[in-house]
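Since the structure comes first, as structure tokens, the remarks are kept for the end.
Quick note: the coordinates plus some simple rules give every number you see, no bench work behind them. Bear in mind the structure is a predicted one, so any value in this text is a computation, not a measurement.
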Amino acid sequence: MAFSSGGKGPMADINVTPLVDVMLVLLIIFIVTAPIATFPIDVNLPQRVINPPPQLKEPPPPIDLRIDATGTVFWNNGQIAVSELQDRMIEEVQRDPTNQPELRIDTNPDAEYDVMAKVLAAAKNAQMVKIGFVQD
């Protein structure tokens, strides 16, 4: 508070000069930076389609592939040798390459990684694209 020279007591007015200075500085900063922040951004928005695409075919039933702790592989609850796995996968893919069944792999945590690696290599070599892992 400033003291008045008139003698009747302290003067209770607020000094607004620093506030006005800060506001003018902020105003100048906003005026300078506003044109910089208004550059155009190209966005590719989807266009309306007059003719909708044809309905997709119903996907075939998924293949449940299970690997137990001993390394035995089961194809839809039927035991299969790892050496026969790639031929069976190729057969499934060749039925309809555009509408493949999903391969769901369920592995026991105690199974050997070598068996899992052979299963994934067989799926890759058979060109299976829909591969999922089952989690408990």
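A Cα-only calculation for the chain places Rg and Dmax at 35.8, 107 Å. Helix 113-125 and the longest principal axis of the C-alpha atoms of the chain enclose an angle of approximately 90°. Taking Cα atoms only, the orientation of helix 82-95 departs from the longest principal axis of the chain by about 80 degrees.
With Rh defined as the Kirkwood radius, the inverse of the mean 1/r over Cα pairs, the Rg/Rh of region 63-133 is 0.94.
Amide H contacts for LEU103 (H built 1.01 Å from N in the peptide plane; partners 5 or more residues away or on another chain; cut-off under 5 Å): ILE63, LYS130, ILE131, GLY132. With respect to the chain, whose longest principal axis is taken over its alpha-carbon atoms, helix 17-33 is tilted by about 40°.
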